[in-house]
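Below is one structure, written out as structure tokens, with a few remarks after it.
The values are calculated or read from the model by the stated rules, or taken from the named source; none is laboratory data. Remember, it's a predicted structure, so these values are computed and weren't measured experimentally. Reconstructed Cβ throughout: ideal geometry from the backbone, glycine too, with neighbour counts over all protein chains shown. What goes into the accessible areas is simple: the full protein's heavy atoms, side chains included, and nothing from ligands, DNA or RNA. Shrake-Rupley method; radii C 1.70, N 1.55, O 1.52, S 1.80 Å.
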Amino acid sequence: MEMAVFDIALYFKGYFGYENGHMKYFGQKLIIEEQESDFWSVYEAEEQLKRLGVAPDDIAALWYKDPEDEVIETRLQTFENDRDALEM
């Protein structure tokens, strides 16, 4: 059976703010291509951020949203556990 893969955009070292009346994230962005779904977890996200020089103590929270949904204010979901990873 073939494992499912997906691409993910990690936004980090930044902040949420507004531009032209819409919420936006201002910061750095990294695209991780072909992430294997069977290995994706909150720990994998934290590990990727550590590789980018983000200290664990600097991670206040992890969030995710459907990439097809443009509305950040009402669509962000906390990313805290394996159930959240499955939802992603």
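Only one of these conditions is not met by Thr74: (1) among the hydroxyl-bearing types (Ser, Thr, Tyr); (2) open to solvent by less than 100 Å² (accessible area, probe 1.4 Å); (3) in contact (Cβ under 8 Å) with a residue 12 or more places away in the chain. Which number is it?
(3)
Filter the stretch 1-31 for residues that are among the charged types (D, E, K, R) and free of Cβ contacts under 8 Å to residues at least 12 places away in the same chain; which is least open to solvent (accessible area, probe 1.4 Å)?
Here the residue is Glu19.
For the stretch 32-66, name all the residues that are open to solvent by less than 100 Å² (accessible area, probe 1.4 Å), part of a loop (DSSP other than H, G, I, E, B) and either over 12 Å from Leu10 (Cβ atoms) or touching a helix residue (DSSP H, G or I) at 6+ places or on another chain (Cβ under 8 Å) (or both).
Across the stretch 32-66, the qualifying residues are Trp40, Ser41, Gly53, Ala55, Ile59, Ala61, Leu62, Lys65, Asp66.
Can you name every residue in the stretch 77-88 that is of a type outside the set (Lys, Arg), open to solvent by 100 Å² or more (accessible area, probe 1.4 Å) and not in a loop (DSSP other than H, G, I, E, B)?
Narrowing the stretch 77-88 to residues of a type outside the set (Lys, Arg): 77-82, 84-88.
Still in the list and also open to solvent by 100 Å² or more (accessible area, probe 1.4 Å): 80, 86-87.
Leu86, Glu87 - these are the residues of the stretch 77-88 that are of a type outside the set (Lys, Arg), open to solvent by 100 Å² or more (accessible area, probe 1.4 Å) and not in a loop (DSSP other than H, G, I, E, B).
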